[in-house]
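K.L.:
Would you mind keeping the following structure in view while I ask a few things?
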C-alpha cells in the first residue's frame with residue numbers, strides 16, 4: 001500500500017471524530033430540524049385546517065414553468081446550504097486539527113513511537129497538510145451530499161403524501177451539476193487555505209506549550225501594535241499592506257469558500273447570485289481566483305511555512321528538550 | 001570494521017549543561033550492550049543521538065548512516081522502545097499492526113500476530129484500554145516482528161511488575177536475539193539484565209567510565225570477603241570500594257592478581273550493581 005495513503009489513513013484513525021462524525025452529526029441535526037419542520041407544518045395545518053406558506057394543494061393546481069425554475073433553484077440553494085453548514089464546522093475542526101497536528105504527539109511523547117518508524121518528517125508533515133487541505137474537505141463534502149439526498153427523499157415522501165409529485169421540481173434543480181461545481185471548489189479552497197495550513201502547522205511544530213497562544217496571539221498583537229502606532233502617528237503598515245488582512249489570511253483561510261469575500265476576485269465577478277446558484281459556482285468564475293495575486297502570494301507563503309514546519313519537526317522532538 | 005555504532009568526539013550540551021563530553025565508543029555487531037549510569041549521566045542523550053532524535057556535535061555513524069540526516073533510512077534497520085508510555089493512546093491494536101506493516105519493509109505480520117496470540121491483547125482494543133504491561137507486550141510484539149539489525153531499549157520495563165519484566169527479557173533472548181542483531185539497553189534494574197549482557201558500558205557525567213565485555217569485567221574485577229584482621233593488608237592493595245557485611249569487609253579490586261587476593265579471603269565475582277556503585281562513587285556528592 002502506498003505510504004502516503006497509509007499516513008492519511010493514520011490521520012483519519014486519529015481524527016475520525018472531527019473528519020467524519022462532526023459533519024455527520026451536523027447533517028443529522030439539519031435533517032432532524034427538517035423533519036420537525038415538516039411535522040410542525042402538518043400539525044399546525046391540520047389543527048387550523050388552513051394551509052400556510054406555500055400551500056401544497058394550491059401548488060398542485062397552479063404551477064407554471066417559472067415556478068419550477070424557482071423551485072429548482074431553491075433546491076440548489078439547499079444543496080449549497082448543506083455544504084456551507086458542514087464547511088463552518090469543518091473550519092473549527094481543521095483549525096484545531098492543524099494546531100495539534102505536530103504538537104499533541106510531542107506532548108504525550110508518542111512522537112517517539114512515530115519517529116521509530118521509517119517515515120520521513122517531510123512525509124509526515126505533508127500527510128497532515130493534505131489531510132487538512134483535501135482529505136477532510138472531501139469527506140465532509142461526501143457526507144453533505146449524502147445528507148442532501150436524504151433531504152430530497154424526505155421532501156419527495158412528504159409532498160407525495162399530499163399528492164404532489166416533487167420529481168419535476170427535482171428535475172428542475174441541478175443536483176449533479178451542483179455536485180461537480182461544489183467538488184471543484186475544493187482544490188481552490190486548498191490553495192486558498194495554504195497560508196493558514198502552513199502557519200498553524202509551523203506553530204504546532206514549534207511550540208513547547210500552548211501552540212494556540214503563539215499562532216493566534218502573535219498576529220492579533222501585530223494588528224494591535226500596528227493600529228496603536230498609527231494612532232500615535234508613528235510609522236505603521238497601513239499604507240503598504242493592510243496588516244489585518246494578512247492576519248486574516250494566516251488565521252482564517254482554512255474556511256472553505258473564504259475567497260468568496262476576496263475583493264480582487266469579486267472585482268472580476270458579478271455578485272453572488274441567489275437567483276441562480278448554479279451560475280454563481282460556475283467553475284470559470286470560481287477559477288478566476290487563480291488569476292489573483294492574493295491567492296498565489298498566500299500559497300507561496302504557506303508552502304514556505306510548511307517547509308519550515310518540516311524543518312522544525314526534525315529538531316523539536318519532545319516538548320521539554 | 002563491522003561496528004554497528006561508531007562514535008568519535010560525540011558532544012551534546014543543553015545550555016550550559018554538558019550531557020555528553022566528547023565521548024568515543026564502538027559497538028560491535030551481535031552484542032548485547034548494557035548502557036548504565038546514574039540519572040542525568042547522558043545515557044538517554046547518547047541513545048537519542050544514535051536514533052537521530054537529537055542534534056549533536058562530533059562524529060557518529062550508525063550502520064553507516066548519519067542519524068541526523070538519514071533517520072528515515074536508518075529506521076528501516078533500527079528499532080527502539082523508549083519506555084512504556086509512548087504508544088499513542090487513541091491507537092487500536094489492529095491499526096498499529098496495519099500501520100507498521102505498511103511503512104516498514106522488514107515487518108512480519110505473522111510474527112507479530114503469533115506473539116500477540118500469547119497475550120490477552122484483543123485486536124479491537126485501544127492502547128488506552130490496555131494495562132501498562134500489555135502496552136509493553138504490544139510494543140514488543142510490533143518490534144520483535146521487525147527484522148532489525150539494531151534494537152535500542154531505553155528503560156523498557158520501567159513500572160512493570162516482575163512477571164512482565166521476566167517475560168520481557170526472556171522473549172527478547174529466546175525469540176529475537178541472534179548473532180546478526182545488536183541490542184543496546186539502558187536500565188536501572190541492573191540485576192535483571194546482568195545475565196543477558198555481553199558488554200558493559202558505564203557512563204558518568206557525560207563520559208564513558210567503563211567499556212568492557214563481560215568476560216573482561218570478570219577477569220579484571222574481583223571481590224574478596226576479608227576478616228577484620230586482614231583488612232589493613234587488603235586496603236594496602238588499593239581497593240575500589242569497601243563495604244561491611246556481618247562484621248567482615250568486602251573489597252572490590254580492579255586488576256589485582258587473583259593469587260594475592262585469594263590469600264586475603266574468599267573470592268567472588270562482583271555483581272554489576274556492586275561494580276556500578278563502586279565506579280560511580282561520589283556522583284551525587
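The values are calculated or read from the model by the stated rules, or taken from the named source; none is laboratory data. Note that the coordinates shown come from a computational prediction; the quantities given were computed from them, not determined experimentally. Here the Cβ is made from the backbone with ideal geometry for all residues, glycine too, and neighbour counts use every protein chain on show.
K.L.:
Considering only residues that are facing chain A (nearest Cβ under 7 Å), in contact with a strand residue (DSSP E or B) (Cβ under 9 Å, 6 or more places away or on another chain) and not in a loop (DSSP other than H, G, I, E, B), which ones fall in the stretch B:96-127?
P.N.:
Within the stretch B:96-127, the first condition is being facing chain A (nearest Cβ under 7 Å), and the residues that meet it are B:99-100, B:102-104.
From what's left, in contact with a strand residue (DSSP E or B) (Cβ under 9 Å, 6 or more places away or on another chain): B:100, B:104.
Result: B:100, single match.
K.L.:
Looking only at residues that are surrounded by fewer than 14 Cβ atoms within 10 Å (Cβ to Cβ) and touching a residue at least 24 places away in the same chain (Cβ under 8 Å) in the stretch A:203-246, which one is farthest from residue A:297 (Cα to Cα)?
P.N.:
Ranking the qualifying residues of the stretch A:203-246, first place goes to A:209.
K.L.:
Moving on to the next point. Quick check on the stretch B:74-88: of everything there that is more than 7 Å from chain A (Cβ to nearest Cβ) and surrounded by fewer than 23 Cβ atoms within 10 Å (Cβ to Cβ), which residue is nearest to residue B:123 (Cα to Cα)?
P.N.:
Residues of the stretch B:74-88 that are more than 7 Å from chain A (Cβ to nearest Cβ), as a first pass: B:74, B:77-78, B:81, B:83-84.
Add one more test, that the residue is surrounded by fewer than 23 Cβ atoms within 10 Å (Cβ to Cβ), and what stays is B:74, B:77, B:83-84.
Values: B:74: 29, B:77: 26, B:83: 22, B:84: 19 Å.
Per the stated criteria, the residue is B:84.
K.L.:
Out of the stretch B:128-139, which residues are in a helix (DSSP H, G or I) and buried (at least 17 other Cβ atoms within 10 Å of the Cβ)? Quick ask: steps written out before the conclusion?
P.N.:
If we filter the stretch B:128-139 for residues that are in a helix (DSSP H, G or I), which is where we start, we get B:128-129, B:132-139.
Those that are in a helix (DSSP H, G or I) and buried (at least 17 other Cβ atoms within 10 Å of the Cβ): B:133, B:134, B:135, B:136, B:137, B:138, B:139.
K.L.:
For residues in the stretch A:115-131 being assigned to a helix (DSSP H, G or I) and surrounded by fewer than 18 Cβ atoms within 10 Å (Cβ to Cβ), which is farthest from the other protein chains (Cβ to nearest Cβ)?
P.N.:
Of all residues in the stretch A:115-131, those assigned to a helix (DSSP H, G or I) come to A:121-131.
Adding the requirement that they be surrounded by fewer than 18 Cβ atoms within 10 Å (Cβ to Cβ) leaves A:122-123, A:126, A:130.
Details: A:122: 9, A:123: 8, A:126: 13, A:130: 16 Å.
Only one residue tops the list, namely A:130.
K.L.:
If I ask for residues that are surrounded by fewer than 21 Cβ atoms within 10 Å (Cβ to Cβ), in contact (Cβ under 8 Å) with a residue 40 or more places away in the chain, part of a strand (DSSP E or B) and within 14 Å of another protein chain (Cβ to nearest Cβ), which ones from the stretch B:15-57 would you list?
P.N.:
None; the set is empty.
K.L.:
Same structure, new question: Return the only residue of B:118, B:123, B:104 being more than 24 Å from the chain's Cα centre (by Cα), surrounded by fewer than 17 Cβ atoms within 10 Å (Cβ to Cβ) and touching a residue at least 12 places away in the same chain (Cβ under 8 Å).
P.N.:
Working: B:118 fails: touching a residue at least 12 places away in the same chain (Cβ under 8 Å); B:104 fails: surrounded by fewer than 17 Cβ atoms within 10 Å (Cβ to Cβ).
Only one candidate passes the filter, namely B:123.
K.L.:
Can I ask one more? Which helices (runs of 4 or more DSSP H) sit wholly inside the stretch A:270-321 and have at least 2 residues that are at pLDDT 85 or above?
P.N.:
Working: elements: A:277-280, A:283-286, A:293-315.
The qualifying helices (runs of 4 or more DSSP H) are A:283-286, A:293-315.
K.L.:
Still on this structure: Return yes when residue A:265 is in contact (Cβ under 8 Å) with a residue 60 or more places away in the chain, part of a helix (DSSP H, G or I) and surrounded by 16 or more Cβ atoms within 10 Å (Cβ to Cβ) and no when it is not. Full working, then the answer.
P.N.:
Values: in contact (Cβ under 8 Å) with a residue 60 or more places away in the chain: no; part of a helix (DSSP H, G or I): yes; surrounded by 16 or more Cβ atoms within 10 Å (Cβ to Cβ): yes.
Here the answer is no, as residue A:265 does not meet what is asked.
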